[in-house]
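The values are calculated or read from the model by the stated rules, or taken from the named source; none is laboratory data. A quick note: this is a predicted structure, and the numbers were derived from the prediction, not measured. Every residue, glycine among them, receives a Cβ derived from its backbone with ideal geometry; neighbour counts consider all protein chains shown.
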Amino acid sequence: MKPSEKALVPFVSVDHMMQLIHRIGVEEMLRGLAEYIEADFRRWDLFDKTPRVASHSDVGVIELMPTSDGELYGFKYVNGHPKNTREGLQTVTAFGLLASVETGYPVLLSEMTMLTAMRTAATSAMVAKHLAPKGADTMAMIGNGAQSEFQSLAMKAICGLKTVRLYDTDPQATRKAARNLAGSGLEVVTCASAEESMEGAQIITTCTADKQYATILTDNMVGAGVHINAIGGDCPGKTELAPAILHRSDIFVEYPPQTRIEGEIQQLEADHPVTELWQVVNGTAPGRTGDRQITLFDSVGFAIEDFSALRYVRDQLPGTEFYHPLDLLADPDDPRDLFGMLQRSAS
């Protein structure tokens with residue numbers, strides 16, 4: 001049986017996502033994603049909000065991240081398995097779905113491994129636009145894995161970054177990142193230590209993968225007047241910053257009930273003060289207030305950012321060929337006769 005139009009859902013494969021990114025341009029798409037994310041932060045109150053549903057194991061985590069704005073429902077499936085790179089696999093893979101709240105019918109199914117990398121970087125840069133020191137043009141990028149180039153290009157596209165200083169405990173990762181960023185318009189400096197990467201940096205991004213309490217930044221490494229973009233700590237038992245840094249910083253988070261479980265602030269008392277980013281975006285809470293202030297974005301990723309990214313992709317698809325019409329939904333002639341549809345399919 002040939003599927004009806006009602007049965008078909010646009011599916012964006014990895015290949016189509018990459019073609020879409022190239023058609024739009026990496027930096028232009030990062031800017032577009034940041035605009036959609038910021039717009040959804042401005043209407044934060046409309047969304048269903050819940051910490052992601054996580055299934056933890058000794059080797060990683062598998063998560064579902066749902067939300068809805070009352071018109072569209074979205075979720076992302078995502079994993080985090082640091083051991084995977086040793087086996088030639090991605091640490092993070094993901095896919096996501098948008099559906100109509102009115103009918104419950106899916107309206108988009110998409111890969112989100114590539115898209116998550118783009119939306120994570122776009123979120124970081126959108127936040128840095130609000131929190132980083134004015135005129136910040138140099139970033140220390142500690143952890144040079146799959147996210148590092150996206151972070152660097154997003155900071156360039158959205159915040160005007162000029163120089164990125166790369167460091168990873170694996171020199172091969174740093175060489176990879178430097179190679180990929182060659183010709184990007186950024187000055188790329190490879191560093192032999194985390195301390196060296198800090199020289200002259202007004203933005204510090206930490207993005208490491210090990211699932212453990214780690215101290216990527218010690219207290220003495222962080223001076224006054226910087227913005228820290230901490231994106232590696234994203235599950236219970238996984239952190240990157242010395243607690244003393246947290247006590248010296250003004251901390252900004254996406255959704256406190258999730259971040260207190262998964263973020264850097266899991267190291268602090270449950271009532272330690274934090275500011276929700278949507279309030280800064282809306283202008284109802286202060287962001288950066290002084291030249292010597294240390295601002296810290298304790299980023300763990302939140303479902304609304306994925307919703308924004310899926311919404312952005314859906315809006316870019318009309319008039320393109322960057323999707324497959326996927327036969328995903330049963331559409332019998334009589335909605336009450338699903339079994340009859342099955343019988344007729346045998347003839």
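Remark: pairs (first residue in segment 242-265, assigned by TED's automatic domain parsing to the domain that holds ASP219; second residue part of a loop (DSSP other than H, G, I, E, B) and among the acidic types (Asp, Glu); Cβ separation under 6 Å; 6+ apart in sequence or on different chains) = GLU262/ASP234.
Against the criterion of being touching a residue at least 24 places away in the same chain (Cβ under 8 Å) and surrounded by fewer than 24 Cβ atoms within 10 Å (Cβ to Cβ), ALA121 does not qualify. Flag set for SER110, criterion: among the polar types (S, T, N, Q) and surrounded by 17 or more Cβ atoms within 10 Å (Cβ to Cβ).
Scan segment 268-298 for residues that are surrounded by 15 or more Cβ atoms within 10 Å (Cβ to Cβ) and modelled with pLDDT under 95 and the total you get is 1. For segment 184-191, the criterion of a residue being closer than 19 Å to THR91 by Cα and touching a strand residue (DSSP E or B) at 6+ places or on another chain (Cβ under 6 Å) is satisfied by no position.
Only one entry in THR67, THR103, THR85 is out of contact with any Phe, Trp or Tyr (no Cβ under 7 Å at 6 or more places or on another chain), among the hydroxyl-bearing types (Ser, Thr, Tyr) and surrounded by 14 or more Cβ atoms within 10 Å (Cβ to Cβ), namely THR85.
So how many residues does segment 325-340 have that are in contact (Cβ under 8 Å) with a residue 40 or more places away in the chain and surrounded by 15 or more Cβ atoms within 10 Å (Cβ to Cβ)? Total meeting the criteria: 4. Only one of the listed residues (LEU166, LEU161, LEU181, LEU97) is crowded, with 20+ Cβ neighbours inside 10 Å, modelled with pLDDT of 95 or more, under 22 Å from the mean Cα position of the chain (by Cα) and assigned by TED's automatic domain parsing to the domain that holds LEU310. That residue is LEU97. Among the residues that make up segment 316-333, is at least one of them farther than 18 Å from ILE203 by Cβ and in a helix (DSSP H, G or I)? Checked against the condition, which is being farther than 18 Å from ILE203 by Cβ and in a helix (DSSP H, G or I), segment 316-333 yields at least one hit. When LEU108, LEU89 are screened for being touching a strand residue (DSSP E or B) at 6+ places or on another chain (Cβ under 6 Å) and not aromatic (Phe, Trp, Tyr), only LEU108 passes. Among (1) without any contact (Cβ under 8 Å) to a residue 12 or more places away in the chain; (2) under 17 Å from the mean Cα position of the chain (by Cα), where does VAL61 come up short? Among (1) without any contact (Cβ under 8 Å) to a residue 12 or more places away in the chain; (2) under 17 Å from the mean Cα position of the chain (by Cα), the lone unmet condition for VAL61 is (1). Can you work out which of the residues in segment 206-260 that are in a strand (DSSP E or B) and among the hydroxyl-bearing types (Ser, Thr, Tyr) is modelled with the highest pLDDT? Out of the qualifying residues, it is THR206.
Within segment 261-273, being farther than 17 Å from PRO51 by Cα and in a loop (DSSP other than H, G, I, E, B) holds for LEU268, GLU269, ASP271, HIS272, PRO273. VAL280 meets the stated requirement of being part of a helix (DSSP H, G or I) and either touching a residue at least 60 places away in the same chain (Cβ under 8 Å) or not assigned by TED's automatic domain parsing to the domain that holds ILE203 (or both).
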